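Everything on this sheet refers to the single structure shown next.
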């Protein structure tokens with residue numbers, strides 16, 4: 001899920017109260033608490049709700065989860081950010097303005113200005129930059145980027161790219177860049193709106209793949225961000241279609257072929273993607289195969305919501321009806337805004353769906369009341 005943004009004047013006492021609230025929610029077996037711990041505490045990364053609730057957790061456990069929920073690796077780092085902020089802690093500044101290493105910052109400035117000659121000379125003088133990374137905290141991603149990753153303009157810093165950004169990227173790649181940086185840059189380019197809007201997304205994807213970036217490394221991220229242009233380009237570069245990607249592209253034959261042997265994780269992500277895209281038949285097949293519509297979506301797949309939240313918020317009325325008919329919970333709240341699927345529909349202006357969900361919830365309540373009387 002997106003990390004929470006700290007207020008402009010964060011208060012450590014208030015954050016401690018949030019940690020204690022999470023501790024109480026865990027004790028109360030609140031599914032939202034299980035999802036937050038699963039995403040933000042490494043100990044529970046793959047744990048089911050019952051496993052999370054069965055575990056004994058301490059105040060330090062929930063403080064770690066709260067810190068990571070705000071984009072910091074530890075409670076100590078969050079505390080330091082609040083009590084002794086440095087330049088890199090000024091989260092209101094664009095990322096390049098938060099770089100404390102002046103040599104690295106100069107290289108980023110040369111990238112942003114499209115100065116290939118200046119960048120080449122700077123890298124010859126400072127070859128360590130090709131192995132260096134900077135640390136950014138308080139965000140959802142781009143936390144430890146290498147220099148190459150700044151060519152993607154993702155996260156958005158200027159809102160545009162130099163027209164010669166492909167040549168700029170080539171300068172860096174020709175010096176030699178580790179595979180992880182090439183793959184991470186490919187993911188940023190494939191999911192970035194600015195490269196697409198500038199007409200540079202496909203040329204950058206081709207350049208990175210030509211230099212050994214692995215198309216599979218960015219495939220699911222492109223699907224989750226709705227970047228279909230990138231998705232097709234990565235497939236053309238040799239990426240392998242898996243179950244979640246087949247779901248996102250509504251490739252029914254591929255989906256039927258892959259479903260029987262797919263892992264639980266792949267099916268979970270496929271359901272999240274199918275709900276995001278409003279693909280009724282894909283969702284139906286997953287429900288028939290035993291997928292639970294009430295589970296929060298997996299990490300990276302709008303994990304603060306359920307499939308019904310996504311369908312209701314996007315206005316997919318047929319999918320909403322299918323999920324309700326299959327017993328999806330109507331009163332389950334999302335984690336960030338604490339709203340039901342009906343609330344999502346209402347907020348998005350889908351009044352008929354909101355009305356249908358409210359009526360369905362009322363009818364379910366009457367049925368349960370009659371059964372208990």
Taking the stretch 250-272, which residues are without any contact (Cβ under 8 Å) to a residue 24 or more places away in the chain and either within 17 Å of residue 293 (Cβ to Cβ) or surrounded by 15 or more Cβ atoms within 10 Å (Cβ to Cβ) (or both)?
251, 254, 258, 262, 264
Positions within the stretch 148-180 being in a loop (DSSP other than H, G, I, E, B) and under 20 Å from residue 125 (Cα atoms), in sequence order:
176, 177, 178
Could you tell me whether the stretch 44-54 includes any residue that is within 28 Å of residue 157 (Cα to Cα) and either in the same structural domain as residue 150 (by TED's automatic domain parsing) or assigned to a helix (DSSP H, G or I) (or both)?
no
For the condition touching a residue at least 40 places away in the same chain (Cβ under 8 Å), surrounded by fewer than 19 Cβ atoms within 10 Å (Cβ to Cβ) and either outside the structural domain of residue 144 (by TED's automatic domain parsing) or assigned to a helix (DSSP H, G or I) (or both), what is the one hit in 62, 3?
3
Would you say residue 136 is more than 21 Å from residue 213 (Cβ to Cβ), modelled with pLDDT under 95, buried (at least 16 other Cβ atoms within 10 Å of the Cβ) and in the same structural domain as residue 215 (by TED's automatic domain parsing)?
yes
Collect the residues in the stretch 304-334 that are surrounded by fewer than 21 Cβ atoms within 10 Å (Cβ to Cβ) and under 22 Å from the mean Cα position of the chain (by Cα), keeping them in residue-number order.
304, 314, 315, 332, 333
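Would you kindly identify the helices (runs of 4 or more DSSP H) lying entirely within the stretch 275-373 that contain at least 3 residues that are touching a residue at least 24 places away in the same chain (Cβ under 8 Å) and under 23 Å from residue 246 (Cβ atoms)?
Per the criteria, 280-288, 307-314, 317-325.
The values are calculated or read from the model by the stated rules, or taken from the named source; none is laboratory data. Values in this document were obtained by computation on a predicted structure and should not be read as measured data. Counting neighbours? That spans all protein chains shown, and the Cβs are built from the backbone with ideal geometry, glycine included.
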